1. Out of (1) surrounded by fewer than 17 Cβ atoms within 10 Å (Cβ to Cβ); (2) of a type in the set (D, E, K, R); (3) within 26 Å of Met1 (Cα to Cα), the odd one out for Glu63 is which?
2. How many residues does the range 27-53 hold that are over 15 Å from the mean Cα position of the chain (by Cα) and more than 19 Å from Leu76 (Cβ to Cβ)?
3. Hey, Ala86 hits all of (1) at pLDDT 80 or above; (2) over 20 Å from Leu140 (Cβ atoms) but one; which does it fall short on?
4. Residue by residue through the range 130-150, note down the ones that are among the aliphatic types (A, V, I, L, M), under 10 Å from the mean Cα position of the chain (by Cα) and part of a strand (DSSP E or B).
5. In the range 142-156, what residues are touching a residue at least 24 places away in the same chain (Cβ under 8 Å) and either under 18 Å from Met24 (Cβ atoms) or out of contact with any strand residue (DSSP E or B) (no Cβ under 7 Å at 6 or more places or on another chain) (or both)?
Amino acid sequence: MDSLVPAFKYHRQNAYGRLLAQLMLLHLTHYLAQFPERRPDLLLAMPMHSARQAQRGYNQAFELARPLANALQLPLERRAFQRSRATQPQQVLTARQRQQNLRDAFCCSQPAQIAGRDIALVDDVMTTGTSAGEATRTLLRAGANSVQIWCAARTP
C-alpha cells in the first residue's frame, strides 16, 4: 500500500487505482452483505479544490468511487459536494494545523441532492480523520441522514 497509493495519487498510475477499487469492492461487498441496513443511498468522492484538480489532472477519490458505484449499483454524485476553498496539502501539517486548514473548506452546492440521504464518502487515504470529520459535518449540516467513510487505506 505504501507504494500503490502514492503511485496512483501523484503519478496517475490508473492500474493501481483499479486494483485499489477492486480491493475495496471485495471488502464492501462482504460488509454490505453482512449489514444490508448500512447500504448507502448515494456515493460521493472526497472533493479536491478545482485548482489542485487542474494541476493533478484528476481526482483520485472519484476514480475509486466510479467503479464502486458501478459495481454496487449506487448513484455517484459529482457536483453536489465541493471543496469551497484551496487548502494546504494535509500531509505536511500537524493535527492542529489540519483542523484549522480544513475549517469551512467544504460546501454543498446542491443540498437537495444530499438532504435525507445515507451517504458513503469515498477517499483514498485516511490519516488523522480531519478531512473526513469536516466533510461529514458539512454533509450532516446539509441534511444527510448519515455519512460513512469508505477509504482504500488508513495510515497508522
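The values are calculated or read from the model by the stated rules, or taken from the named source; none is laboratory data. Every value quoted in this text rests on a predicted model; they were computed, and no experiment measured them. We place every Cβ from the backbone using ideal geometry, glycine too, and count neighbours over all the protein chains shown.
1. It fails just one condition, (1).
2. Residues flagged as over 15 Å from the mean Cα position of the chain (by Cα) and more than 19 Å from Leu76 (Cβ to Cβ) within the range 27-53 amount to 8.
3. (1)
4. Correct list: Ile149 only.
5. Residues satisfying the conditions are Gly143, Val147, Gln148, Ile149, Trp150, Cys151, Ala152, Ala153, Arg154, Thr155.
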